[in-house]
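Right, one structure below, let's go through it.
The values are calculated or read from the model by the stated rules, or taken from the named source; none is laboratory data. Please read these numbers as outputs of a predicted model, since none were measured by experiment. Backbone-built Cβ (ideal geometry, glycine too); neighbour counts: all protein chains shown. We work out accessible area using only protein heavy atoms, side chains counted, and drop any ligands, DNA or RNA first. Shrake-Rupley method; radii C 1.70, N 1.55, O 1.52, S 1.80 Å.
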Amino acid sequence: MSSLHCIDLPSKSFSCSTDEDCTGLSGPGGEQYVCVSEGFCTVPGQPGTGDTQDAGPDAGPDADGGSDGGCPQTSVLPTCSTSNWCWDNPLSEGRTLFTVRGRSETDVWAVGERGVALHWDGTCWARLTPGTTQALRAAWPAAGRTWWLAGAGGALHKWDGSAWTSQMLAESLTIYDIEGSSDTSAIAVGQGGAIYSFNGTLWSPQSWDAGTSPAPELLAVWPASNNEAWAVGKGSALVHGVDGGWVTVNKTGSVDLMAIASGVDAGTAHAVGKGTLATYSNGSWSSAAYATSSTPLNGVWTSSGATRIVGPASTIYVLGKASEASGTPQLLNSIWGNDAVLWAVGSSGTIVRRGATQWSEVPGGVTRNINAFWSAGGLDLWAAGDNDLVMRRQGNVWSPVAPPEAGTFTALWGSGDLLFAAENSGSTGKIHLLQNGKWTTGGTFSSTVSSLWGSGVAPVWAVGGSGLIRRRDDTGAWASEGNIITPGNTPLNAVWGSSVTDVWAVGNGGAVFRRDITGSWASVKPSTSADLFAVWGSGPRDVWVVGLNGAAYHYDGSGWTSFPTGVTQPLRGIAGRSSDRVWAVGDNGTLVFWNGTSWAAQVSGVSEHLRAVWVTPDSVWVGGTNGTVLRLQP
């Protein structure tokens with residue numbers, strides 16, 4: 001395919017409980033994936049299946065069997081800001097996906113904001129641009145390999161399997177949905193009551209009297225047959241079409257009906273809107289409350305004898321059955337599936353897939369908040385964050401890794417084949433260790449853990465709530481490092497060291513503590529009471545701390561100096577490569593750079609809150625909310 005940027009399916013992906021959850025997933029050579037005890041799908045014989053020993057955190061990019069084939073890699077690059085910060089995750093570049101539709105389990109499209117169009121061929125998700133920056137909201141498979149995409153801007157975009165062509169319907173028109181009863185018969189609906197029909201060759205407008213002015217916005221359509229269809233929309237609009245003649249059945253109401261699809265029984269259908277389920281049966285419609293009055297119900301689909309409704313974070317409803325965990329904390333907008341697979345898409349580029357028993361995020365579609373990075377070097381990184389998030393970048397794709405347990409992961413550290421991950425639950429903290437593909441518990445604390453730093457596997461320091469400072473020794477035990485009294489017994493937020501004899505910790509209320517060669521901690525607080533969130537330096541006489549209101553303080557070995565950053569957002573992470581190449585990140589996409597003389601703002605190109613920054617000799621990585629990962633282009 002031309003204009004293709006492809007995200008390969010790595011050999012470890014997708015959470016699973018049984019082999020059936022891996023149905024439809026295969027490796028570059030066509031090997032059917034299986035479910036292994038660690039809770040992920042993988043190719044038989046790959047590390048983690050029991051046939052070989054799993055690689056550790058410092059293994060190279062292909063240590064976990066990263067795919068060498070499958071999808072072609074071509075010249076389409078990710079979107080970059082004017083400061084050369086480029087999207088690395090999610091694949092949609094953080095843009096909301098509105099619709100997912102498929103022809104088969106190896107031909108699926110997801111479309112969304114700013115012209116994002118993603119295609120799944122059974123092996124990978126690919127980014128295919130139709131050449132528009134307008135939102136895409138509809139996708140429909142026609143005959144052969146043809147697909148029609150539509151949305152804002154009045155254009156229809158046709159993909160013939162190798163190239164795009166476009167057709168203008170009407171300027172300023174938005175098409176919200178296209179659905180067909182066959183691959184040569186379809187209906188498109190949209191803004192201002194627009195209705196177009198497709199006969200296999202041409203799209204034609206349908207004239208009709210809506211009975212009201214302006215005509216209702218039509219958001220979704222269900223073709224009951226080649227000559228009959230129902231459309232729903234804003235204000236509970238319900239429109240019926242037979243043989244090209246359309247009439248309004250209902251035009252008053254307070255609920256926007258967002259989606260419509262066939263039901264389990266022949267001749268039935270369901271339409272959904274906020275807290276509302278409308279059902280068509282025996283030739284008539286009935287409406288009832290569903291979930292709560294404020295529950296967003298955005299998409300509905302029936303396959304394999306079950307009707308599912310998507311919308312609210314974390315939950316997918318199944319009519320007449322128990323609800324399912326969605327595998328994501330994001331809102332979902334659309335769902336599609338067949339007897340082999342189910343897909344759902346939503347906010348910030350979320351993509352989830354259901355195997356036989358459960359839903360899970362897919363590589364390139366992980367959108368949980370990121371709190372921390374760690375890397376042994378190169379392009380192989382680990383990230384951790386909210387809602388059980390542990391993920392790894394290999395082969396140019398970020399893939400979720402089965403966590404040791406549910407929780408919020410706040411910090412990472414690693415050395416050799418050992419990865420440390422800090423996880424908080426309520427007011428307590430825990431350290432998990434990952435080695436040879438197995439998680440074990442490496443320590444528990446009565447306070448939360450905010451940050452980790454060390455030298456190899458020991459010593460490693462953990463800091464956190466209520467002034468927590470603990471040090472891990474060669475035996476794996478964590479010892480208290482005295483009674484650090486922070487202002488008001490407030491948390492310590494970060495730890496870093498230039499060496500094991502020069503370790504720094506910062507926290508709320510302007511707290512800064514330094515550990516000297518004797519092992520004693522002493523306050524070296526700058527003249528501020530602002531909360532400080534991060535610390536980094538190139539050496540003991542070149543240390544930076546950053547925090548609230550864009551504050552940045554520099555220690556030169558004898559005292560502190562405040563430097564203006566030019567920003568007022570909280571700065572939550574800092575890291576550098578040298579004394580004159582330092583980056584700090586913060587809320588609302590804030591990113592500033594120190595050149596050795598002054599701080600200057602850089603354009604991140606995002607509005608997400610940025611929480612973490614990691615610098616290697618070759619790359620700079622930034623992470624934040626909604627799974628955002630940015631990489632500085634060399």
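With the other protein chains left in place, how much accessible area per residue, in square angstrom, belongs to region 93-251 at a 1.4 angstrom probe? Can you show the working numbers first?
Working: 5890 Å² over 159 residues.
That works out to 37 Å² per residue.
About its Cα centre, what dipole magnitude does the chain give when the only charges are +1 on Lys and Arg Cβ and -1 on Asp and Glu Cβ, stated in debye to the nearest 20? Intermediate results must be reported in sequence, preceding the final value.
Working: 33 positive and 50 negative charges, 268 e Å.
That gives the chain a dipole magnitude of about 1280 debye.
Give the residues of region 114-140 whose amide nitrogen is closer than 13 Å to a point set 7 Å from the Cα of Ser104 in the direction of its Cβ.
What the label zone holds, given the 13 Å backbone N cut-off, is 121-123.
Short version: ³J(HN,Hα) in whole Hz for each residue of region 208-218, in order, from phi by Karplus 6.51 cos²θ - 1.76 cosθ + 1.60 (θ = phi - 60°), x for Gly and Pro, what are they?
With the stated coefficients, region 208-218 comes to 7, 9, 6, x, 7, 10, x, 5, x, 6, 9 Hz.
Give me the lysines in straight-line cross-link reach of Lys525: C-alpha distance below 30 Å, same-chain residues under 8 apart excluded.
Straight-line reach from Lys525, under 30 Å: Lys430.
Give me the percent of the accessible area of region 319-397 that comes from carbon and sulfur atoms, probe 1.4 Å, all protein chains in place.
Working: 910 of 2010 Å².
Answer for region 319-397: carbon and sulfur cover 45 percent of the accessible area.
Based on the Cβ-Cβ distance from Asn338 to Thr440, what FRET efficiency comes out when R0 is 41 Å, to the nearest 0.05? Write out the running numbers ahead of the final one.
Values: r = 41 Å, r/R0 = 0.99.
Approximately 0.50, to the nearest 0.05.
Could you give the accessible area per residue of region 496-634, probe 1.4 Å, as a whole number in Å²?
Working: 5210 Å² over 139 residues.
Ligands and nucleic acids excluded, the result is 38 Å² per residue.
In Å, the Kirkwood hydrodynamic radius of region 376-475 over pairs of distinct alpha carbons? It would help to have the intermediate numbers written out before the result.
Numbers: mean 1/r = 0.0730 Å⁻¹.
It is 13.7 Å.
I need the fraction of alpha carbon pairs in region 133-187 separated by more than 20 Å, rounded to a whole percent. Walk me through the numbers on the way to the answer.
Working: 269 of 1485 pairs.
Above the 20 Å cut-off, region 133-187 has 18 percent of its Cα pairs.
Say each of Asn199 and Ser523 gets a label point 7 Å from the Cα, pointing the same way as Cα to Cβ; how far apart are those two points in nm?
Between Asn199 and Ser523, the simple spin-label model gives 8.4 nm.
For volume of the Cα convex hull per residue in Å³, which listed value, (1) 155; (2) 198; (3) 134, comes from the coordinates shown?
Matching the structure shown: (1).
Projecting each Cα onto the charge dipole of region 514-595 (Lys/Arg +1, Asp/Glu -1 at the beta carbon, about the Cα centre), which of Asn595, Ile517, Ser558 comes out farthest on the positive side?
So the residue furthest toward the plus end is Ile517.
Length gain on complete extension for the stretch Thr268 to Ser254, per 0.36 nm per residue less the alpha carbon to alpha carbon distance? Walk me through the numbers before you get to the answer.
On the way: separation 14, 0.36 × 14 = 5.04 nm, distance 2.37 nm.
2.7 nm is the gain from fully extending Thr268 to Ser254.
Pull out the extension gain between Ser213 and Phe563, defined as 0.36 nm times the separation in residues minus the alpha carbon to alpha carbon distance; nm, one decimal. Walk me through the numbers before you get to the answer.
Values: separation 350, 0.36 × 350 = 126.00 nm, distance 5.97 nm.
So the extension gain works out to 120.0 nm.
From largest accessible area down, sort His609, His432; use a 1.4 Å probe on the protein chains. Walk me through the numbers on the way to the answer.
Working: His609 70, His432 5 Å².
Final ranking, largest accessible area leading: His609, His432.
Report the label-to-label distance for Arg541 and Gln633 in nanometres (one decimal), using points 7 Å from each Cα along the Cα→Cβ vector.
About 3.9 nm, to one decimal.
Could you calculate the FRET efficiency of Asp121 with Ser578 from 1/(1 + (r/R0)^6), where r is the beta carbon distance between them and R0 is 30 Å, rounded to 0.05?
FRET efficiency, Asp121 to Ser578: 0.10.
How many percent of all Cα-Cα pairs in region 257-342 sit more than 18 Å apart?
Working: 1341 of 3655 pairs.
Roughly 37 percent, rounded to a whole number.
Apply the Karplus parameterisation 6.51 cos²θ - 1.76 cosθ + 1.60, with θ equal to phi minus 60°, to every residue of region 241-248 and state each ³J(HN,Hα) to the nearest whole Hz, in sequence, with x for glycine and proline.
Coupling constants for region 241-248: x, 9, 6, x, x, 10, 9, 7 Hz.
What are the ³J(HN,Hα) couplings of region 512-523, residue after residue, when phi is run through the Karplus curve with 6.51, -1.76, 1.60 and θ = phi - 60°? Round to Hz, x for glycine and proline.
9, 10, 10, 9, 9, 5, 7, x, 8, 9, 9, 6
Might you tell me the accessible area per residue for region 372-464, computed with a 1.4 Å probe and given in Å²?
Details: 2740 Å² over 93 residues.
Value returned for region 372-464: 29 Å² of accessible area per residue.
Could you order Arg631, Arg114 by accessible surface area, starting with the largest, using a probe radius of 1.4 Å?
Numbers: Arg631 50, Arg114 130 Å².
Largest accessible area first, the residues go Arg114, Arg631.
Determine one quarter of the surface area of the Cα convex hull of region 200-282, which equals its mean projected area, and express it in nm² to one decimal.
Working: hull surface 24.0 nm².
Hull-based average projected area comes out at 6.0 nm².
Only four residue types carry charge here, +1 at the Cβ of Lys and Arg and -1 at the Cβ of Asp and Glu. Report the dipole size of region 361-454 about the Cα centre in Debye, rounded to the nearest 20. Walk me through the intermediate numbers first.
Values: 5 positive and 7 negative charges, 17 e Å.
Magnitude of the dipole: close to 80 debye.
How large a share of the accessible area of region 478-605, in percent, is made up of carbon and sulfur atoms when the probe is 1.4 Å and the other protein chains stay in place? Show your work: numbers first, answer last.
Numbers: 2490 of 5120 Å².
So the carbon and sulfur contribution to the accessible surface is 49 percent.
Run the numbers on region 341-451 and let me know its relative contact order in percent, using alpha-carbon pairs under 8 Å that are six or more apart.
Reported as a whole number, the value is 16 percent.
Report the relative contact order of the chain, percent, no decimals, based on alpha-carbon pairs under 8 angstrom and at least 6 residues apart. Could the numbers behind the result be given before it?
Details: 1936 pairs, mean separation 62.9, N = 634.
Computed value for the chain: 10 percent relative contact order.
Name the residue from Gln167, Leu277, Gly153 whose Cα lies farthest towards the positive end of the charge dipole of region 133-279, charges +1 on Cβ of Lys and Arg and -1 on Cβ of Asp and Glu.
Gly153
Let me check something: with ligands and nucleic acids excluded, how do Cys35, Cys124, Cys80 order by accessible area (1.4 Å probe), largest to smallest? Could you put the intermediate results ahead of the total?
Working: Cys35 30, Cys124 0, Cys80 60 Å².
The most accessible residue leads, giving Cys80, Cys35, Cys124.
Given 0.36 nm per residue, what is the gain on full extension from Arg145 to Ala479 after removing their alpha carbon distance, in nm?
Values: separation 334, 0.36 × 334 = 120.24 nm, distance 6.34 nm.
This chain segment gains 113.9 nm when fully extended.
If you add up the charges near Gly192, with Lys and Arg at +1 and Asp and Glu at -1, over every other residue whose beta carbon is less than 12 angstrom from its beta carbon, what do you get? Numbers along the way, then the final one.
Values: positive: Lys234; negative: Glu217.
Residues close to Gly192 contribute a combined charge of 0.
Normalising by the residue count of region 294-364, find the relative contact order in percent from Cα pairs under 8 Å and 6+ residues apart. Walk me through the intermediate numbers first.
Values: 162 pairs, mean separation 16.7, N = 71.
Relative contact order, region 294-364: 23 percent.
Could you work out Rg/(2.2 N^0.38 Å) for region 326-412, with Rg from alpha carbons only? Mind dumping the intermediate values first?
On the way: Rg = 13.6 Å, N = 87, 2.2 N^0.38 = 12.0 Å.
The value comes to 1.13.
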